[in-house]
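Heads up: the structure comes next, in C-alpha cells.
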Amino acid sequence: MSSAAAAVELAVAHRKEQANVGTLLGRRYADLLHGEKHTDCVFHVCEQQLKGHKLILSAASPVFEAMFYGPLQEPELEPEIEIHDISAAIFKVLLEYIYTGSVDYECLQLEASIELYYAAEKYLLDQLIADSLLAITRKLRFSNVLPALELSVCMGLDSLLDVCMSFFMRCCVSNDQYMSYLKDHYVHVSKECVKSIIAACKEPHKLLLWYVYEWTQQECDDVGLGDASTWQVIPPSADAIPHSPAPTPATLVERCYYKACRPFTVDAESHVWRLGLKCSRFISVLGLVLNSRLAPNLTCHIGRVPQEYRESLRIDLYADGGEPVWTHLVQNQITKYNCDLHLSWSREQACVLTPEVQYVLQLRWEGTAFGAEYPCSLQSCLVDGIRFIDGDSFSGSLVKGLRYVNLV
C-alpha cells in the first residue's frame with residue numbers, strides 16, 4: 001500500500017473514531033439530562049420545570065455563560081430561570097440539542113422549527129441556527145409561507161425572513177397555481193409583512209396586486225368601512241344651520257419603520273414601557289398608535305389561536321418627574337392580535353404638549369397582561385416636528401405614532 005493511500009485510510013479511521021467518541025459523550029450527557037443527575041439550575045417553562053447543568057449549558061451558549069458565570073450571574077447556588085417566550089416542548093428540544101448535538105427535524109412541524117430557530121438565535125447557537133434554517137427551507141409550502149413570513153417580520157428574525165421571502169419570490173409570486181390556492185385559502189397578515197413583501201418585489205406581479213387589494217378590503221371590513229363601491233353619500237339637510245365651526249380634523253403621524261426587534265414581554269419585572277416626547281409647537285394629543293399583541297403561543301398553535309383580546313392599560317404623561325400631568329385608562333378594548341392598536345380619547349380629555357418641553361409617556365399593564373408580547377421595531381425619531389425619544393438604540397419601540405391637532 002502506498003504512503004498516500006495509507007494516510008487516507010488513517011484519516012478515515014480517525015474521523016470514525018471521533019464520531020464514535022462524540023456519540024458516546026452525547027449518550028452520557030443525555031443520561032445526565034434525562035435522569036436529572038447532579039443538576040444545578042432550573043428553568044420554569046409554561047408551568048413545567050426543566051433541570052440542567054450550568055457548566056454544560058455555558059459551554060454551548062455564551063448567553064448561558066453570561067447568565068451563570070458573568071458579572072450578572074444569578075446569586076443562588078441553584079438558580080431558577082423563567083422562560084416566557086419559548087414553549088416547553090421546544091425548550092426541551094433545545095436542551096436535547098445542547099446535550100447530544102442532534103435534532104430530529106422530521107418530527108417537527110414548520111411552526112416548531114421556526115420556534116427552535118428563534119431559540120437558537122436567542123441563545124446564540126450558530127450551528128443550530130444554520131441547521132434549523134435548512135430544515136425550515138425544506139418545510140416551506142404554499143399553505144405555510146405567508147404565516148412563516150408573518151412570524152419572521154413580527155419577531156424580527158432577519159435570516160428567517162430572507163429564507164421565507166426567497167421561497168415566496170421564487171415559487172409563489174409568479175405562480176398561477178399559488179394564486180388559485182390563495183384565492184381559496186386567503187391568509188391575512190400584518191401591515192409590516194405586506195410592506196416587506198412589496199419592498200422585496202421588483203415588478204408589479206398580478207398576484208401581488210390582487211393580494212394587496214384583498215388585504216386592503218379585509219382591513220376596511222375589520223374597521224367597519226365595508227366595500228367602498230357600496231358607500232352612499234347622504235347630503236345634509238338644506239335647512240341645517242351650523243351652530244359652530246367644525247373642529248379641526250386630527251392628524252395621524254406614524255414613524256418610519258426600519259427594522260424589527262425582539263418583542264416586549266409584559267411580566268412582573270417589566271410591565272412598564274416609557275417613551276420620550278418633544279414637540280416644536282403646541283399640540284393636543286388625541287390618540288396613540290401601538291403594536292397590538294402577538295397571538296399567544298403563535299409559533300406552536302397557528303390556526304387555533306383566538307383572533308382578539310381585550311386590551312387594558314394605563315397611560316401617564318410626565319413633564320418633570322413627580323406626579324403625572326395627564327392620565328388615561330384603557331379598559332377592555334377589543335383588539336385584534338398582530339395589528340395596529342389605535343387608542344383614542346375625546347378632545348375634552350386630550351393632553352397638551354408645550355413646545356420644547358421633554359415629556360415621558362408611560363404605558364403600564366396590570367397582572368392580567370403578564371406573559372403578553374408586543375412587537376417592537378427600530379423607527380424614525382422625528383415626524384412632522386414631533387420627536388420620539390426611545391430608551392436605547394437597539395430595543396426599538398412599540399409606539400408607532402399618534403393623533404394630534406395643532407393649537408396655534
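Annotations for the structure displayed:
- Cα-centred dipole magnitude for the range 51-198, charges only on beta-carbon of K, R (+1) and D, E (-1), debye, nearest 20: 580 debye
- D_trans [Stokes-Einstein, Kirkwood Rh over alpha-carbon pairs] for the chain, 4 °C, 1.567 mPa s, µm² s⁻¹: 52 µm²/s
- Relative to the dominant Cα principal axis of the chain, helix 158-171 is inclined by about 80°.
- Lysine-lysine proximity count for the range 35-188, Cα under 27 Å, sequence distance 8 or more or distinct chains: 12
- Cα centroid of the range 312-356 to Cα centroid of the range 368-408, whole Å: 12 Å
- Per residue, the chain exposes 55 Å² of accessible surface when a 1.4 Å probe is rolled over the protein heavy atoms with every protein chain present.
- Taking Cβ atoms as reference points and 15 Å as the exclusive limit, the residues near Asn175 contribute a net charge of +1, counting Lys and Arg as +1 and Asp and Glu as -1.
- Rg/Rh for the range 75-207 stands at 1.04; both radii use Cα atoms, and Rh follows the Kirkwood definition.
- Nearest-0.05 FRET efficiency for Lys259 and Asn175, computed from C-beta distance (R0 25 Å): 0.30
- Only protein heavy atoms count here; under a 1.4 Å probe, Trp210 has an accessible surface of about 50 Å².
- MRE, 222 nm, helices only [DSSP H, n ≥ 4, -39500 (n - 2.57), over the chain, to nearest 500]: -11500 deg cm²/dmol
- In the chain the longest region clear of GluC sites (Glu not before Pro) that are loop-assigned by DSSP and have at most 10 other C-beta atoms within 10 Å covers 77-268.
- Each of Arg141 and Cys201 was given a label point 7 Å from its Cα along the Cα-to-Cβ line. The distance between the two points is 2.5 nm.
- The angle separating the long axis of helix 88-100 from the principal Cα axis of greatest extent in the chain is about 30 degrees.
- Given their separation in residues at 0.36 nm each and the Cα-Cα distance between them, Asp162 and Glu76 gain 26.9 nm when the chain is fully extended.
- Rolling a 1.4 Å probe across all protein chains gives Leu125 an accessible area of roughly 10 Å².
- With all protein chains in place and a 1.4 Å probe, the accessible surface of the range 284-408 carries 49 percent carbon and sulfur.
- Student exercise, the chain dipole from Lys, Arg, Asp, Glu Cβ charges, in Debye to nearest 20: 740 debye
- Electrostatic dipole magnitude of the range 351-408 [Cβ: Lys, Arg +1; Asp, Glu -1; Cα centre; debye, to 20]: 140 debye
The values are calculated or read from the model by the stated rules, or taken from the named source; none is laboratory data. In this text the structure is predicted, and so the values were computed from the model without any measurement. Neighbour counts run over all protein chains shown; Cβ positions are idealised from the backbone, glycine included. Accessible surface areas use protein heavy atoms only, side chains included; no ligands, DNA or RNA. Shrake-Rupley method; radii C 1.70, N 1.55, O 1.52, S 1.80 Å.
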